[in-house]
Amino acid sequence: MPQPAHSFPASPTAVSHIGVLHGAGYVGGALIRLLAAHPAAALHTVTSRTFADQPVGAAHPSLRGQVDHTFTAPDEVAFGSLDALLVAAEHGRSMQVVPGILEDGFDGPIIDLSADFRFRDPAVYPEWFDTAHPAPGLLADAVYGLPEWSDEIGGASLVATPGCYATGITLALAPLAQQDVPFTAHVTALTGASGSGATPSSATHFPDRNGNVRPYKVLGHQHRPEIRQTLGTHVSIDFVPASGPWTRGIWGTAQIEWSKATDPNTVSSWYEEAYADAPCVRCSSDRLPSLQPAVGTPFCDLGWKTDGSTLVVGFALDNLLKGAASQAVQTLNRALDLPETAGLRPEPTPAPAA
């Protein structure tokens with residue numbers, strides 16, 4: 001059962017040098033953009049096999065004139081000059097490269113954005129990802145990095161950030177899971193095309209995606225065991241994911257089978273207590289969130305509605321930010337003992353005295 005975890009370190013006094021491995025995809029671009037504006041964590045190295053020796057703008061045209069970096073080949077990284085690593089590789093690659101980085105003595109935190117270190121049980125990988133894990137010994141040491149519900153991120157050498165669906169669903173259900181009452185959640189959630197990555201496929205082809213909703217991996221999505229690992233086995237989840245006709249953002253609802261009547265004030269108190277000090281969760285009682293206000297932000301928006309017998313919890317987040325890049329930076333901040341929202345929310349500058 002998860003327990004809330006929130007920390008508010010002092011203001012930073014030094015700048016940490018950060019490496020981004022495999023930074024040419026959508027999530028890599030979002031990480032680069034966030035680090036470019038970070039007050040205490042500067043992008044030092046970003047790698048790409050395809051774009052090695054080319055400017056960052058070759059893969060991310062919107063960053064031309066904003067980020068003055070050149071992609072480095074993955075085998076040419078000087079790890080000794082880095083304080084921390086963010087790994088944005090596709091599923092299956094991190095488990096091949098991270099063990100070697102650790103064996104070579106890298107002693108800064110590694111924040112991995114793939115599924116490669118999320119599961120404690122190595123048997124999950126052949127069952128859900130069709131591959132045996134080459135470094136099962138690391139799974140016990142890796143910390144699952146959902147900042148709102150993990151108090152082990154600070155000081156961890158390897159942190160696995162949650163999947164995008166898993167982030168929204170876990171944040172939506174964790175305050176209920178805390179009550180130690182068995183329940184079933186019937187979840188339907190829709191994600192934008194960027195959730196499929198930068199490599200095009202028939203599922204992301206615009207004529208097929210535009211104006212269409214397409215369910216996929218019904219009751220068999222790989223985030224389902226990830227969510228139950230965090231919430232506990234007393235929570236059952238029926239999950240129907242779907243592709244929505246937009247680029248960014250996840251919107252979903254969970255209809256809860258609760259064993260007794262649900263008082264609206266009690267439900268609100270569960271969520272307000274759980275997230276009172278969570279800077280990247282925005283709660284609204286008695287109404288469900290819509291998608292647009294969450295897109296382009298580091299927040300997961302939560303809302304709930306109950307008539308006493310039926311409880312519905314809604315969630316909305318940007319899959320590239322709170323579902324990936326900004327959550328990784330939020331985790332990085334925690335790992336480096338920086339303010340949790342550094343580089344994620346505007347820091348107002350006081351007006352000079354008249």
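If ligands, DNA and RNA are left out, what is the accessible area of residue 90 with a 1.4 Å probe, given in Å² to the nearest 10?
90 Å²
Roughly what % of DSSP beta bridges within segment 252-344 run antiparallel, to the nearest 5? Provide the component values of the computation, followed by the final result.
Details: 12 of 17 bridges.
Roughly 70 percent of the beta bridges in segment 252-344 run antiparallel, per DSSP.
Aspartates and glutamates near residue 322 by alpha-carbon distance under 14 Å, same-chain residues fewer than 8 away left out - which ones?
Correct list for residue 322: 148, 301, 340.
Which residues' amide hydrogens lie under 5 Å from the amide hydrogen of residue 158, considering only partners 5 or more residues apart or on another chain, with H built in the peptide plane?
When sequence neighbours closer than 5 places are left aside, the close amide H contacts are 110, 143.
Over the chain, with a Gaussian network built from C-alpha contacts below 10 Å, which listed residue (151, 238, 307) shows the highest mean-square fluctuation?
307
Tell me which of 302, 344, 265 sits at the most positive position along the dipole axis of segment 247-354, charges placed on C-beta atoms (Lys, Arg +1; Asp, Glu -1).
344
On the accessible surface of the chain, probed at 1.4 Å, how many percent belong to carbon and sulfur atoms?
Values: 7740 of 15390 Å².
C and S atoms contribute 50 percent here.
Under 8 Å for C-alpha pairs, at least 6 residues apart: give me the relative contact order for segment 229-323, rounded to a whole percent.
Working: 158 pairs, mean separation 32.6, N = 95.
That works out to 34 percent.
Convert each backbone phi in segment 235-251 into a coupling constant with the Karplus relation 6.51 cos²θ - 1.76 cosθ + 1.60 (shift: θ = phi - 60°), then list the ³J(HN,Hα) values in order as whole Hz, x for Gly and Pro.
Ordered by residue, 3J(HN,Hα) equals 10, 9, 10, 9, 10, 10, x, 8, 8, x, x, 8, 8, 10, x, 10, 10 Hz.
Charges at C-beta only: +1 for Lys and Arg, -1 for Asp and Glu. How large is the resulting dipole of segment 1-126 about its Cα centre, in Debye rounded to 20?
The calculated dipole for segment 1-126 is roughly 440 debye.
So if I place +1 on the C-beta of Lys and Arg and -1 on the C-beta of Asp and Glu, and nothing else carries charge, what would the dipole magnitude of segment 278-345 be about its Cα centre? I want it in debye, nearest 20.
Details: 6 positive and 6 negative charges, 12 e Å.
Magnitude of the dipole: close to 60 debye.
Which residue, chosen from 159, 146, 174, occupies the Cα position most advanced towards the positive end of the dipole of segment 84-174, where the dipole is computed from +1 (Lys, Arg) and -1 (Asp, Glu) charges on Cβ about the Cα centre?
Result: 174.
Let me cross-check residue 38: its accessible surface, 1.4 Å probe, with only protein heavy atoms counted, in Å² to the nearest 10?
Near enough 20 Å² of accessible area.
Under the classification rounded if a/c is under 1.5, otherwise prolate if a/b is larger than b/c and oblate if not, where does segment 201-317 fall, given a ≥ b ≥ c as square roots of the Cα gyration tensor eigenvalues?
Working: a/c = 1.96, a/b = 1.50, b/c = 1.30.
In terms of gyration-tensor shape, prolate.
What are the ³J(HN,Hα) values, in whole Hz, obtained from phi via the Karplus relation 6.51 cos²θ - 1.76 cosθ + 1.60 with θ = phi - 60°, for each residue of segment 64-78 in sequence order, with x given for Gly and Pro?
So the J values, rounded to whole Hz, are 4, x, 10, 10, 9, 9, 10, 5, 9, 5, x, 8, 10, 6, 8.
Among 324, 24, 36, which one moves the most in a GNM of the chain with springs linking Cα atoms closer than 10 Å?
Ranking 324, 24, 36 by mean-square fluctuation puts 36 first.
Any lysines with Cα under 16 Å of the residue 260 Cα? List them, leaving off those in the same chain fewer than 8 positions away.
305
If you roll a 1.4 Å probe over the heavy atoms of the protein chains, what accessible area per residue do you get for the chain, in Å²? Before the final figure, lay out the partial values.
Details: 15390 Å² over 354 residues.
About 43 Å² of surface per residue is accessible.
Among rounded, prolate and oblate, which fits segment 66-108 when a ≥ b ≥ c are the square roots of the eigenvalues of its C-alpha gyration tensor, a/c under 1.5 means rounded, and a/b larger than b/c means prolate? The partial results should precede the final answer.
Values: a/c = 1.95, a/b = 1.27, b/c = 1.54.
Oblate shape, in that a/c is at least 1.5 and b/c is the bigger or equal ratio.
For the pair residue 219 and residue 261, how long in nm is the line joining their label points, each one 7 Å along Cα→Cβ?
Here the modelled spin labels are 3.3 nm apart.
How much FRET efficiency would the formula 1/(1 + (r/R0)^6) give for residue 285 and residue 240, where r is the Cβ-Cβ distance and R0 is 30 Å, rounded to 0.05? Please list the in-between numbers first.
Values: r = 26 Å, r/R0 = 0.85.
According to the calculation, E is roughly 0.70.
How big is the dipole moment of the chain about its Cα centre under a simple scheme where the beta carbon of each Lys and Arg is +1, that of each Asp and Glu is -1, and everything else is neutral? Debye, nearest 20, please. Each step should come with its number before you reach the end.
On the way: 19 positive and 34 negative charges, 216 e Å.
Result for the chain is approximately 1040 debye, rounded to the nearest 20.
Using Cα pairs under 8 angstrom and six or more residues apart, how large is the relative contact order of the chain, in percent?
Working: 771 pairs, mean separation 69.5, N = 354.
Over the chain, the number comes to 20 percent.
Using DSSP to call loops (not H, G, I, E or B), can you name the trypsin sites (Lys or Arg not before Pro) in segment 248-302 whose Cβ has at most 13 other Cβ atoms within 10 angstrom?
Filter output for segment 248-302: 260, 287.
Run the paramagnetic zone check for residue 70: 7 angstrom along Cα to Cβ, then residues of segment 29-53 with backbone nitrogen under 17 Å.
In segment 29-53, the label zone of residue 70 (backbone N under 17 Å from the point 7 Å along Cα→Cβ) covers 44-53.
The values are calculated or read from the model by the stated rules, or taken from the named source; none is laboratory data. Remember, predicted model here, so these are calculated numbers, not experimental data. Using ideal geometry, Cβ is built from the backbone for each residue, glycine included, and neighbour counts are taken over all protein chains shown. Note: areas computed on protein heavy atoms with side chains; ligands, DNA, RNA excluded. Shrake-Rupley method; radii C 1.70, N 1.55, O 1.52, S 1.80 Å.
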